[in-house]
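Chemist: I'd like to ask some things about the structure below.
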Amino acid sequence: MPPQIYGQPSNEAEELVCQALRFLPDECIIYAEPTLVYKHEVCHPDFVIVYHKWGVVVLEVKDWIEVVDRDRKEAQVRQRNDQLKWRGSPVEQARKAAQVLNDMLEKDEDLLDYAGRRVFYYAYGGVLPHLPPATIRWLEKAWGETYLLGRDDLRRERITERIANIHTPGRILLDERQVRAICAIIDGRNKNVDQATGEFKGVYDRVQESIAKESIESTAAPSQKAEQPVQASFASEVAPSVEARIGHLEAEMPQEAASLTSAPHVRLVRGFAGTGKTDILILRAYYLHEQYPDLNILVTTFNDPLYTNRLEPELRALKPQVEVVKFDTLCASIYQKKHGMWSKPQDTGGLVAKMAAGYPLIEELGQSFVTDEFIWMKETGRTERQKYVTGVREGRGSMSGRTLGRKMKEQIFDLFEAYQEELRDLPAYDWVDLHERALRYLQAGIRPDKQYDVILVDEAQHFAPTWMRIATEFLKPGGNLFLCDDPSQSVYRYYSWRQKGVEVRGRTRWIRIPYRNTRQIFEAAYALIADNPIAQRLLAEGGEQVQPDLDSIAMRDGPRPQVHSFLSWEAEREFVVREIQALIRAGMLPNEIGILHEKKHVHNRYKSLVPQGVQLYEVKRQTGLEYKAVFIPKVQEMFDRTVGISWEEYEGRQRLKSYMTMTRARTQLYLLYEGKWPKVLEPIRPHVEWIEH
């Protein structure tokens with residue numbers, strides 16, 4: 001794999017040098033014409049090379065074809081179709097740019113603290129790709145030996161040695177953290193800063209940067225050879241379900257999704273919780289807008305808090321070429337175009353809860369199970385009694401294939417018919433109906449008001465097959481689809497990418513460093529799914545088993561997660577309120593604190609108790625978001641057992657859900673409970689501090 005080169009050469013001479021730089025060691029990172037600013041000084045060196053063995057090398061390129069005279073600072077030269085003129089030495093220009101870069105790093109406290117004291121040296125030189133060795137030697141007598149490269153130095157067998165031999169006061173081997181700090185100075189977008197608070201969060205790693213800055217041509221025509229998992233931080237895939245669920249629907253893929261399997265313009269980026277997938281998607285939107293300013297780009301997700309708190313505010317400056325639109329808003333636009341009006345769909349769970357008083361079976365099965373079952377039936381086309389009752393419920397039964405008996409299925413379908421009747425009586429339709437209708441209208445010829453050259457989808461693990469088909473209707477022919485997802489965080493949908501009709505083999509990149517969490521928090525959370533067959537089956541859906549990289553120097557250390565046991569909920573609430581007040585007094589902002597739970601009544605009880613700004617959310621709405629401190633109260637009520645699934649699947653789902661919730665915490669994590677500690681969470685015991693009240 002050649003070194004990464006970011007940016008575009010601006011003339012023929014620079015292009016010749018750029019081609020030669022591709023023969024440098026693979027670990028080199030090269031920036032073409034970056035903008036360096038320090039106080040009143042602004043410079044645009046032609047190339048900056050960052051390499052752990054060399055430090056930084058700054059190169060200035062000139063397209064001189066003849067040199068008539070020179071002094072210590074200038075040369076009388078001829079360029080193509082030009083008269084003789086005195087021009088400044090490229091060596092001197094490179095020296096000034098290198099000094100600016102050095103000053104930028106030395107004055108950046110965030111990066112000095114991140115990388116430790118500055119221990120790199122810089123080298124600088126000029127490149128004259130049209131001039132022969134004799135002219136280069138003559139110029140070096142005035143400008144210094146080793147500082148100039150000429151035509152013959154750009155050959156594959158010479159370029160690495162020549163750059164390595166450019167004079168420098170010394171060299172010290174850099175570690176990766178120091179390399180990335182330098183890259184964050186050269187391109188400030190590599191520096192991860194909270195947009196709301198200005199807090200420095202770290203630096204994107206080299207794989208994150210390479211994915212975000214991948215050329216549009218490369219994205220559109222990916223290699224057919226499957227890529228190996230790579231260390232990074234980006235996006236992931238699939239959903240929490242039983243092993244049978246992954247095999248399910250492969251053969252029953254909706255026909256309207258089948259055409260997507262051959263789409264050549266797809267890139268899937270997958271990563272564990274905390275690997276910075278949303279960060280990279282945002283960085284990629286900026287990069288594409290900068291490199292291809294005429295492209296129309298759509299960023300979409302179905303997660304409202306993620307849209308509101310991150311995507312929309314952080315990409316607002318790129319309007320109108322880059323638009324951020326929630327997926328349901330896209331569907332609503334098609335519905336409104338068909339009907340000339342819009343009414344908000346009925347929430348399935350809300351209507352099921354309303355029906356529960358009149359249908360005891362709903363409470364027996366569990367409202368969440370019934371809700372999921374109805375959504376699954378609609379999304380898979382099981383809305384006819386015969387098809388539902390006689391079909392195998394792969395993905396909705398146990399890992400061993402045990403399914404509901406025919407009698408129970410008949411009763412559930414009776415409930416489904418009653419649910420549909422309730423919808424008609426309101427009258428209303430639900431969200432699944434909206435998606436189905438939107439796709440049907442699109443296929444019938446109603447076109448979106450706007451189609452896009454590129455669509456970037458965040459939290460794509462939540463997307464059902466129908467959703468992906470709708471998204472592609474907003475994509476121009478030959479457009480590019482860029483997907484970020486996490487198989488370990490799918491709390492809504494249980495479909496593999498093949499089930500969704502998207503072929504991602506050979507088009508997938510894995511990022512494996514969960515740098516947003518401390519090592520202690522991620523280790524505790526990952527213990528829940530490390531040996532869980534359902535979770536691991538989901539993570540291996542692309543073929544090779546993938547594991548997080550917890551040995552990376554990018555991982556932060558912090559306090560161990562705390563588990564607090566209480567005799568009463570009142571005592572638990574009092575502790576949470578006191579602890580939040582202490583965190584705020586210590587400098588933490590209220591909106592950097594989250595209280596998360598599966599059930600509304602739990603976090604609703606805190607609304608009047610905690611300071612304004614503290615975030616209170618249902619667990620399933622939190623993928624893609626994070627907080628400095630997270631409280632998970634009343635842990636024993638996080639889990640509702642239902643009769644529709646086996647113990648193995650139940651345990652697997654709950655572990656995945658708990659893992660996702662715990663990894664919302666960046667630095668401090670509190671789990672609180674009364675009574676009996678849930679057996680599902682037993683694997684975290686060796687990784688936490690246990691406190692009895």
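Where a number appears in this text, it was derived from the coordinates with a stated rule and is not lab data. Keep in mind that what you see is a predicted model, and the values were worked out from it rather than measured. Heads up, the Cβs are rebuilt from the backbone with ideal geometry, glycines too, and the neighbour counts pull from every protein chain shown.
Chemist: Which whole-Hz ³J(HN,Hα) couplings does segment 672-689 yield from phi under the Karplus relation 6.51 cos²θ - 1.76 cosθ + 1.60, θ = phi - 60°, glycine and proline marked x?
Modeler: Using θ = phi - 60°, the values come out as 10, 7, 10, x, 9, 5, x, 4, 4, 9, 4, x, 7, 3, x, 10, 10, 9 Hz.
Chemist: Here's something else I'd like to know. So what is the relative contact order for segment 348-428, in percent, with contacts set as C-alpha pairs under 8 Å and at least six apart?
Modeler: 25
Chemist: Would any residue of segment 173-208 have its amide N under 15 Å from a label point 7 Å out along Cα→Cβ of GLU109? List them or say none.
Modeler: Only 198-201 pass the distance filter.
Chemist: Which residues in segment 669-693 have a backbone N closer than 12 Å to a point placed 7 Å from the Cα of GLU570 along the Cα-to-Cβ line?
Modeler: Answer for segment 669-693: none.
Chemist: What does the extension gain come out to for ILE172 and GLU27, with contour length at 0.36 nm per residue minus their alpha carbon separation?
Modeler: Additional length available on full extension: 50.6 nm.
Chemist: So for segment 562-692, averaging the separation of alpha carbon pairs under 8 Å that are six or more residues apart and normalising by length, what relative contact order in percent results? Before the final figure, lay out the partial values.
Modeler: Working: 186 pairs, mean separation 49.1, N = 131.
Contact order relative to length: 37 percent.
Chemist: Another question, if that's okay. Hey, can you grab everything whose amide H is under 5 Å from the amide H of ARG70? Only 5+ residues off in sequence or another chain; H modelled, so Pro and N-termini drop out.
Modeler: Hits under the 5 Å cutoff: GLN76.
Chemist: What aspartates and glutamates sit close enough to LYS450 to cross-link, taking a C-alpha to C-alpha distance under 17 Å and skipping anything fewer than 8 places away on the same chain?
Modeler: Straight-line reach from LYS450, under 17 Å: ASP294, GLU323, ASP328, GLU473.
Chemist: Shifting gears a bit: If contacts are Cα pairs under 8 angstrom and at least 6 residues apart, what is the relative contact order of the chain in percent? Walk me through the numbers on the way to the answer.
Modeler: On the way: 1396 pairs, mean separation 99.8, N = 693.
Dividing the mean separation by the residue count of the chain yields 14 percent.
Chemist: While we're looking at this one, here's another question. Could you tell me the center-to-center distance, by alpha carbons, between segment 574-640 and segment 425-470 in angstrom?
Modeler: About 33 Å separates the Cα centre of segment 574-640 from the one of segment 425-470.
Chemist: Roughly what would the spin-label model give for ALA134 and LYS387, points 7 Å off Cα along C-beta, in nm?
Modeler: 8.3
Chemist: Would you kindly state how much longer the chain becomes between LYS476 and ARG158 on full extension, computed as 0.36 nm times their sequence separation minus their alpha carbon distance, in nm to one decimal?
Modeler: 110.0 nm
Chemist: When semi-axes √(5λ) of the Cα gyration tensor in Å is calculated directly from the model, which label among [x] 53, 30, 21; [y] 46, 33, 31; [z] 77, 36, 26 fits?
Modeler: Computed from the coordinates, semi-axes √(5λ) of the Cα gyration tensor in Å corresponds to [x].
Chemist: If you stretched the chain out fully between ASP82 and GLU692, how much longer would it get, using 0.36 nm times the residue separation minus the C-alpha to C-alpha distance?
Modeler: Numbers: separation 610, 0.36 × 610 = 219.60 nm, distance 8.27 nm.
211.3 nm is the gain from fully extending ASP82 to GLU692.
Chemist: Also, I was wondering about something else. If each DSSP helix of 4+ residues adds -39,500 (n - 2.57) and the sum is divided by the residues in the chain, what number results at 222 nm, nearest 500 deg cm²/dmol? Can you show the working numbers first?
Modeler: Working: 25 runs with 243 residues, N = 693.
Helix-only estimate at 222 nm: -10000 deg cm²/dmol.
Chemist: Let me ask something else. Using a Förster distance of 60 Å, how high is the FRET efficiency between TRP342 and GLU364, based on the Cβ-Cβ distance and rounded to 0.05?
Modeler: 0.95
Chemist: Give me the Kirkwood hydrodynamic radius of segment 325-463 in Å, from all C-alpha pairs, to one decimal place?
Modeler: Details: mean 1/r = 0.0592 Å⁻¹.
One decimal place: 16.9 Å for the Kirkwood radius.
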